[in-house]
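Engineer: I am attaching a structure below and will ask some questions about it afterwards.
The values are calculated or read from the model by the stated rules, or taken from the named source; none is laboratory data. As the structure is a computational prediction, the values presented were derived from the model and not from experiment. Quick note on the areas: whole protein, heavy atoms, side chains included, nothing else; ligands and nucleic acids left out. Shrake-Rupley method; radii C 1.70, N 1.55, O 1.52, S 1.80 Å.
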Amino acid sequence: MTVSVTQIQQYLSDNPASMPGQVAQALSITELEVVTALPTDQLALLPLTAKDNLLASLPEWGNMTTIISVSGSIFEFKGHFPKGKYAHGYYNLITKGEGLHGHLKLDDISAIALISKPFRGTESHSINFFGTQGEVVFKVYLGRDKKRVLLSDQVERFQALKDSCTATA
């Protein structure tokens with residue numbers, strides 16, 4: 001069964017608190033299909049040609065939350081997104097000591113979505129990296145202070161990034 005953008009938008013309207021992954025599961029579609037149906041004020045797609053600049057700048061943003069979902073399990077890392085460099089077909093995350101480590105297969109990233117969608121009634125912004133099958137590879141959520149308020153400098157950077165996407169669209 002094919003699900004139209006209108007059907008996705010109706011589901012989102014009827015279930016505003018649902019996260020894109022929940023909507024995708026309920027409608028038996030990919031999370032990327034859900035995300036691309038979000039209202040324009042909630043979504044900007046970053047050109048893939050900008051991924052290197054994005055990844056180079058993320059370590060300067062400060063503490064954020066990186067999320068990886070695998071087979072229903074969710075892994076979270078809170079801290080700075082690490083610097084990286086290309087080698088052996090991967091973008092290798094470089095962390096001295098403790099922190100997020102890993103190897104990103106960026107050739108398999110099909111889309112990067114900048115999403116501004118409330119989560120449990122709270123303002124939330126994330127950078128979502130999607131694989132070739134429309135699945136989320138990982139997400140980076142903006143950080144919060146001790147009172148759970150978004151870090152204003154990160155919100156400004158995020159909004160500037162979103163604005164740059166819409167200016168080139």
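Engineer: Alpha carbon centre of the range 1-41 versus the range 48-66: separation in Å?
Structural biologist: Spelled out, the Cα-based centre of one part sits 26 Å from the other.
Engineer: Give me the 1.4 Å probe accessible area per residue for the chain, excluding ligands and nucleic acids, in Å².
Structural biologist: Numbers: 9890 Å² over 169 residues.
Here the per-residue accessible area is 59 Å².
Engineer: Multiply the residue separation of THR122 and ASP41 by 0.36 nm, subtract the distance between their alpha-carbon atoms, and state the gained length in nm to one decimal. Before the final figure, lay out each step's value.
Structural biologist: Details: separation 81, 0.36 × 81 = 29.16 nm, distance 1.58 nm.
Between THR122 and ASP41, full extension yields an extra 27.6 nm.
Engineer: What are the residues whose amide H is under 5 Å from the amide H of LYS117, where those residues sit 5 or more places off or on another chain and H is modelled from the backbone?
Structural biologist: Result for LYS117 returns SER124, SER126.
Engineer: Whenever you get a sec, compute what percent of the accessible area on the chain sits on carbon and sulfur atoms (1.4 Å probe).
Structural biologist: Details: 5260 of 9890 Å².
Summing carbon and sulfur atoms, their accessible area is 53 percent of the total for the chain.
Engineer: Roughly what % of DSSP beta bridges within the chain run antiparallel, to the nearest 5? If you can, show how the numbers build up before the last one.
Structural biologist: Numbers: 37 of 37 bridges.
Around 100 percent of the beta bridges assigned by DSSP in the chain are antiparallel ones.
Engineer: Classify the chain as rounded, prolate or oblate from the Cα gyration tensor: take a ≥ b ≥ c as the square roots of its eigenvalues, call it rounded if a/c is under 1.5, otherwise prolate when a/b beats b/c and oblate if not.
Structural biologist: prolate
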